[in-house]
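Notes for the one structure printed next.
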Amino acid sequence: QVQLVESGGGLVQPGGSLRLSCTASGSISSINPMGWYRQAPGKQRELVATITSGGSTNYADSVKGRFTISRDNTKNTLYLQMSSLKPEDTAVYYCKGRSSAYVYWGQGTQVTVSS
């Protein structure tokens, strides 16, 4: 099995940028797809973006044009570049991966957008 560890969260002002990373303890080449999810206080966890091993991406309408998901299989890392951040982007962000036998979740990283 693979462990996923997110990093890069923090406090940022509206309009700012952050890059989240999700580093796996092993190879992610067979984990397909991988994605980012988020959960705001009092709300259900929601999809932010996904990416396949071939590089096909999918985004929630609320983040299209502002967030970019990418993966580097050589570094076993998934990324989420977030720009033009809004207060409503405040949430705990989780990475997720699916293999043929398992579903993996990271422990989450807090992103707070506030002035």
State which residue is nearest to LYS43 (Cα to Cα) when the search covers only region 73-115 and only residues that are part of a strand (DSSP E or B) and touching a Gly at 6+ places or on another chain (Cβ under 6 Å).
VAL92
How many residues of region 56-72 are outside any strand (DSSP E or B), touching a helix residue (DSSP H, G or I) at 6+ places or on another chain (Cβ under 9 Å) and over 18 Å from PRO41 (Cα atoms)? The answer is 2
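Is there a residue in region 51-60 that is in contact (Cβ under 8 Å) with a residue 40 or more places away in the chain and open to solvent by 20 Å² or more (accessible area, probe 1.4 Å)?
There is no residue in region 51-60 that is in contact (Cβ under 8 Å) with a residue 40 or more places away in the chain and open to solvent by 20 Å² or more (accessible area, probe 1.4 Å).
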Out of region 69-89, which residues are of a type in the set (Ser, Thr, Tyr), under 13 Å from the mean Cα position of the chain (by Cα) and open to solvent by 20 Å² or more (accessible area, probe 1.4 Å)?
SER70, TYR79
Name the single residue that is farthest from ILE31 (Cα to Cα) among those in region 101-115 being polar (S, T, N, Q) and open to solvent by 30 Å² or more (accessible area, probe 1.4 Å).
SER115
Single residue of ARG38, ARG19, ARG98, ARG66 found to be surrounded by fewer than 17 Cβ atoms within 10 Å (Cβ to Cβ), under 10 Å from the mean Cα position of the chain (by Cα) and not polar (S, T, N, Q):
ARG19
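The values are calculated or read from the model by the stated rules, or taken from the named source; none is laboratory data. Since the structure is predicted, the reported quantities are computational estimates derived from the model, not experimental observations. A quick note on method: Cβ atoms are made from the backbone with ideal geometry, for glycine too, and the neighbour counts reach across all protein chains shown. These accessible areas exclude ligands, DNA and RNA; they are computed on the full protein's heavy atoms, side chains included. Shrake-Rupley method; radii C 1.70, N 1.55, O 1.52, S 1.80 Å.
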